[in-house]
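The values are calculated or read from the model by the stated rules, or taken from the named source; none is laboratory data. None of the values given here were measured: they were computed from a predicted structure. Glycine gets a Cβ as well: all are built from the backbone with ideal geometry, and neighbour counts include every protein chain shown. Protein only, heavy atoms only, side chains kept; ligands, DNA and RNA dropped before computing areas. Shrake-Rupley method; radii C 1.70, N 1.55, O 1.52, S 1.80 Å.
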Amino acid sequence: MTTPRERMLAAIRAGINTNRAFLEAEMQKAPHTPPPHVHPPADDLQAQFVEEAQRAGAFPYICADAEAALDAIQKILSEHGANSALTWDFAQIDLPGLEALLNQMQITRLDTTVTVCGETQAQRVAHLHAIEHASVGISGADLGIAESGTLAVMTGPGRGRLTTLFAPLHIAVLPASRLVRGLGAAFDALRHQYGSDIFAEHANLTLITGPSRTGDIEMTLTTGVHGPGELHIIVLNEEEAA
Amino acid sequence: MATQMLPFYDRVEDALQNSTLQHALERNMPRFVALRAQALNKLIDEAALRDQARAIRAKSLARLDELLTRLADTVEARGGHVCWATDGKAAGQYIAELAQRQAVKSIVKSKSMASEEIHLNAQLEAHSLEVIETDLGEYIIQLSGETPSHIIAPAIHMTRQEIGQLFQEKLGMEPTEDIPTMTRTARRVLRQRFVQADMGISGVNFGIAESGGMVLVTNEGNADLTTSVPRIHVAIMGIERVVESLDDLAVMLQVLARSATGQKLSVYTTFLSGPTRPGEPDGPEEFHLILLDNGRSRILGSAYAEALMCIRCGACLNACPVYQSIGGHAYGGVYSGPIGSVISPLLQPDVPDVHQLPYASTLCGACQEACPVRIALPDMLLRLRGDAVQAGKVAPGEQAAMTAWQATMNNPALYRAGGTMASIITRLVGGREGVLKQLPPPLAGWTQHRDFPTFAKQSFSERWAAQHGTDEEPQ
Ligand code: SF4
């Protein structure tokens, strides 16, 4: 008696054996190491990130200190008439004063916890209904990738997936020191932070490049089809002020 | 043999007569091609990156047994479950049994060619399970009861008026031709589906062997909702989609979105490794990975192994003059365009007219030129024709015409001359705009059964050269 796993692996090995020479020759024709970046290097990473994030449809802001960042966030929130927010644990967002700002603006903080062990489907649905009308999601970010205007966001305890996904508006706080040039460099930085197996302790990483969009109707670009229709990125560059 | 009566030719004829489709193709195909060219153009070294991508895909295949074993072991170590599905039925059965065991009532799904390939929705519906497609294009065609016409733009054949009408009828939307209104309507309706669903089914763009990570790429974010809102996540992955490492992936991601839509990265590139971890506020409690063979190991051992390097970017479809003329439905299967014409006969050799698909090509080479991993599509199409003739699966007229093509193909200089000649002839002789009814001998046998799309006035390489150096950015 063989298992499906054994049967499939045996068939795959037989296939490989037939074409081994061809496949091995092809795999050796080029190096496999990724380039750290693929576009010509820009002089100013921050300017490149801003330009590319805008091109992807996001709204980046360069803020010289926490106060400027909070001002920018306050403006965005009041323009949108936000009254409830999904947020990461405040300690996980590198911006002191954010909690006070939300309190002062009387924005209700919603509990993003939907996975409670042993709960029923009905309870899970009830949790989801409780957060479905959130006006905004506020998160931090691990990295910004300059050449594509991308945010890298590793989720985990206190850092929910739905925060960046569920509301029509997403505000992300990114320290300028976390900007890297390209995707290859981003993976290096993530390994540096989380260890060589970056998923050992974390089940989810998302690279976000602009707001949720679709071109499925007549190839006309429309934002916000499932995820946030607006993405605001607060780049906190405290060194510049010093 | 009354070849003209075969559905394939009828479908081609239908496509050519369908003015909505023709309009959409005319409008949209050049945009796809231009966006892709502009994106690749800006790279430091496009050629080197594509060589790397090809070498990495070759490695995945050369070590497929080892990499899949590692992937499966890692997923299991992270608390996930793995199903080794030799065919589509095994995959469908696993999911149906899982759904029944877990009393699943409602399933949301993000776009997945593998699940289309195995007719998963029909399999699950036979078990009274409701499956909702959540990619906007897929949702539209699910509502209208059709099949996708393009790998990455499933509803490209429909106008906004048709979609507006459909939403009015099925979703009770007020009459409108405003696309953002339609999109908002879909968001509202689908969001409720997400919230209610107890199972989410996704495809997998790449599986990373070393870390058990599944990589999903979308612009809408529907895959993210599918994989984080419901309690159970089931991912279906064709076995060939594995890569060894995060480093390998970094190369593949650099070419995937650029080739598909001209974006540097898609909006959401999401990595998932097993079910939610202790202390995480959200994510699925259960994760199941289905490794789907369904003929792939057979292809791996055939003369067409290279076809398994495909990363489903859709670039070869957009570049293909035949696809540009007839769209995706005419191919009659899940996979269309040049890559569809190669893998459909290999995956489903028992479908009667599938062996005519390799003839739906002018062998102009544009597909291979566009392919980020340089798959030798024209060469394989030609060999598939030979196989079909040998197996007695195509008509004699086609065989003669095919031989003529083959003769010119064997001599590149002659082929280029022939290509140019044909290009001139088709433009001179072309009757109905863009379509030629009769090719001069020795190619007449080829047009006996089909209209022949006129060659593009510029060849792909000429168009490429013309676009090279333009500084217009893709949207
Ligand atoms: S064959 Fe090449 S171009 Fe066509 S979909 Fe696959 S990877 Fe893309």
One residue from B:Glu369, B:Glu306 being within 12 Å of the ligand (Cβ to nearest atom) and open to solvent by 30 Å² or more (accessible area, probe 1.4 Å): B:Glu369
Positions within the stretch B:288-299 being buried (at least 24 other Cβ atoms within 10 Å of the Cβ) and farther than 30 Å from B:Thr227 by Cα, in sequence order: none
B:Ala319 within 16 Å of the ligand (Cβ to nearest atom) and either surrounded by fewer than 24 Cβ atoms within 10 Å (Cβ to Cβ) or touching a residue at least 12 places away in the same chain (Cβ under 8 Å) (or both): yes
Near pairs, Cβ below 8 angstrom, 6+ apart or cross-chain, from the stretch B:277-302 (under 21 Å from A:Ala14 (Cα atoms)) to any residue that is polar (S, T, N, Q) and open to solvent by less than 30 Å² (accessible area, probe 1.4 Å): B:Leu300/A:Asn19; B:Gly301/A:Asn19
Selection from the stretch B:225-244 of residues that are closer than 22 Å to B:Asn121 by Cβ and open to solvent by 10 Å² or more (accessible area, probe 1.4 Å): B:Arg231, B:Arg241
Count of residues meeting criterion [more than 7 Å from chain A (Cβ to nearest Cβ) and of a type in the set (Gly, Ala, Ser)] in the stretch B:49-84: 6
Considering residues of the stretch B:245-269 that are assigned to a loop (DSSP other than H, G, I, E, B) and more than 8 Å from chain A (Cβ to nearest Cβ) only, the residue surrounded by the most Cβ atoms within 10 Å (Cβ to Cβ): B:Gly262
Sole exception among (1) within 16 Å of the ligand (Cβ to nearest atom); (2) at the interface with chain A (Cβ under 10 Å from one of its Cβ atoms) for B:Arg312, by number: (2)
Subset of the stretch B:287-299 [among the hydrophobic types (A, V, I, L, M, F, W, C) and away from the ligand (no atom under 16 Å from the Cβ)]: B:Phe287, B:Leu289, B:Ile290, B:Leu291, B:Leu292
Test set (1) within 14 Å of chain A (Cβ to nearest Cβ); (2) touching a helix residue (DSSP H, G or I) at 6+ places or on another chain (Cβ under 9 Å); (3) away from the ligand (no atom under 13 Å from the Cβ) - B:Arg277 fails condition number: (2)
Enumeration of residues in the stretch B:372-383 that are within 14 Å of the ligand (Cβ to nearest atom), aliphatic (A, V, I, L, M) and out of contact with any Phe, Trp or Tyr (no Cβ under 6 Å at 6 or more places or on another chain): B:Val373, B:Ile375, B:Ala376, B:Leu377, B:Leu381
Scan of the stretch B:81-127 for residues that are assigned to a strand (DSSP E or B), open to solvent by less than 30 Å² (accessible area, probe 1.4 Å) and more than 28 Å from B:Ser344 (Cα to Cα), ordered by number: B:Ser106
Some residue of the stretch A:183-192 being part of a loop (DSSP other than H, G, I, E, B), assigned by TED's automatic domain parsing to the domain that holds A:Ala72 and either modelled with pLDDT of 95 or more or not aliphatic (A, V, I, L, M) (or both): no
Listing of helices (runs of 4 or more DSSP H) fully contained in the stretch A:1-96 that carry 1 or more residues being within 30 Å of B:Tyr94 (Cβ to Cβ) and open to solvent by 60 Å² or more (accessible area, probe 1.4 Å): A:4-27
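Rundown of residues vs (1) touching a residue at least 40 places away in the same chain (Cβ under 8 Å); (2) crowded, with 24+ Cβ neighbours inside 10 Å; (3) not basic (Lys, Arg), yes/no style:
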{"site": "A:Leu162", "(1), (2), (3)": "yes, yes, yes"}
{"site": "A:His170", "(1), (2), (3)": "yes, yes, yes"}
{"site": "A:Ala189", "(1), (2), (3)": "yes, no, yes"}
{"site": "A:His192", "(1), (2), (3)": "no, no, yes"}
{"site": "A:Gly224", "(1), (2), (3)": "yes, no, yes"}
{"site": "A:Gly227", "(1), (2), (3)": "yes, yes, yes"}
The stretch B:322-346, subset of a type in the set (A, V, I, L, M) and at pLDDT 90 or above, residue farthest from the ligand (Cβ to nearest atom): B:Leu346
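Listed here are the residues, each with its yes/no results for (1) open to solvent by less than 10 Å² (accessible area, probe 1.4 Å); (2) outside the structural domain of B:Ala257 (by TED's automatic domain parsing); (3) under 27 Å from B:Glu138 (Cα atoms); (4) without any contact (Cβ under 8 Å) to a residue 40 or more places away in the chain.
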{"site": "B:Gly332", "(1), (2), (3), (4)": "no, yes, yes, no"}
{"site": "B:Gly340", "(1), (2), (3), (4)": "yes, yes, yes, yes"}
{"site": "B:Ile343", "(1), (2), (3), (4)": "yes, yes, yes, no"}
{"site": "B:Leu347", "(1), (2), (3), (4)": "no, yes, yes, no"}
{"site": "B:Ser361", "(1), (2), (3), (4)": "no, yes, yes, no"}
{"site": "B:Gly365", "(1), (2), (3), (4)": "no, yes, no, no"}
{"site": "B:Asp379", "(1), (2), (3), (4)": "no, yes, no, yes"}
{"site": "B:Leu384", "(1), (2), (3), (4)": "no, yes, no, no"}
{"site": "B:Val389", "(1), (2), (3), (4)": "no, yes, no, yes"}
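Let's see how each residue does on (1) under 24 Å from B:Arg11 (Cβ atoms); (2) within 11 Å of chain A (Cβ to nearest Cβ); (3) touching a helix residue (DSSP H, G or I) at 6+ places or on another chain (Cβ under 9 Å); (4) without any contact (Cβ under 8 Å) to a residue 24 or more places away in the chain:
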site	(1), (2), (3), (4)
B:Met113	yes, no, no, no
B:Ala122	yes, no, yes, yes
B:Ile141	yes, yes, no, yes
B:Thr159	yes, yes, yes, no
B:Thr183	no, yes, yes, no
Count of residues meeting criterion [part of a loop (DSSP other than H, G, I, E, B) and either open to solvent by less than 10 Å² (accessible area, probe 1.4 Å) or within 10 Å of the ligand (Cβ to nearest atom) (or both)] in the stretch B:349-359: 0
Yes/no for A:Arg109 being under 30 Å from A:Asp44 (Cα atoms) and open to solvent by 20 Å² or more (accessible area, probe 1.4 Å): no
